[in-house]
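Working notes, beginning with the structure itself.
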């Protein structure tokens, strides 16, 4: 679809088992060896939504950070025994009606042969190798101390004419799932802006879940305006659900990784909690389980917005390449995105009350998620296709849509 540079457009407008111990948690995160011998396996979970004591959706027996029924645990252990596997973690993917299990293939067993044997097992619905995903960010191009108003330095915010647009809409009442690394919910510009947060990834050794990439994406999307400090977000009144599914290799770095299991946990929760928009500032290889979940979200009319990797990033184009997902880039992508949004030298929040300039499609993506939230606030009955048309279509369509919505709101206010 035709890529559209949002900066020009809006200028015309002026819009897991955290587990029981650190060792198990580490094995659920990054592979400790050069060859990742972990498998993601799903099987139909007959206990999901069964309304009997101990098996109800919110009454799963906790197994570390993740919960599952006794029946599903038994099946998972039987599969492990039958195929000589070591069970690492398990969790019910309620939206798909399956139990998701992470196994490790022990040394001495042929990995591909184990996969083939599992695929032929009647109990098994899906088998895949654990996939790794990376957030789409370059290293910061500059640095700032905290404590001063930086609105004039927000290139993306100002090029989109957000100050005037916020007189019409701020994203109020629209629920956005932010699936990323940890968000610093105590940052002065984010305090009170994150309505819900959940850790779906291995906990870091220092137990500090406030991480750079997730905090930066959250700032672009929802930093509090008008508080006399820092910056302002694109949709500051949206309901942000922050799911930590990614983690950095070490404290303080911008890069972060996720995998099939942690992203599946977060996506399932985002769907269950009736998110209207899902922001995925990440990219990686084709993943069958995640494709099922994202297509499930799309079928429920959830807007999924994902980053397209830059031409210098060899991370794969999934999930932005799924039909129906809104693919966002910043203008240096080999694969043509649906939308080009501000993603160069974007000033945003980072942990410990600080601010920094960020570059990458990771930071273009929340600009689009925020704009979608503004459109949905003004047009709550719109379906994904209508929002997509206004954001990706000709500039006159979006400009007209927002003018009409603003006039309608003004008329309603005049009648009160």
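Structure data summary
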item	result
Mean Cβ neighbour count within 10 Å, used as a protection proxy, ranking 256-269, 236-249 highest first	256-269, 236-249
Burial ranking of peptide ranges 303-309, 347-353 (average Cβ count within 10 Å, highest at the top)	303-309, 347-353
Inter-label distance for residue 44 and residue 111, nm, one decimal - labels placed 7 Å from Cα along Cα-to-Cβ	3.1 nm
15 Å reach of a label modelled at residue 299, 7 Å along Cα-to-Cβ, counting backbone N of the stretch 262-284	268, 271-272
Label-point separation, residue 208 to residue 71 (7 Å along Cα→Cβ), nm	4.5 nm
Residues residue 196 and residue 229, FRET efficiency given R0 of 30 Å [Cβ-Cβ distance, rounded to 0.05]	0.80
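Read the figures in this text as sums done on the coordinates, not as results from a lab. Since this is a predicted model, take the numbers as computed values, not measurements. Positions of Cβ are backbone-derived with ideal geometry, glycine not excepted, and every protein chain shown enters the neighbour counts.
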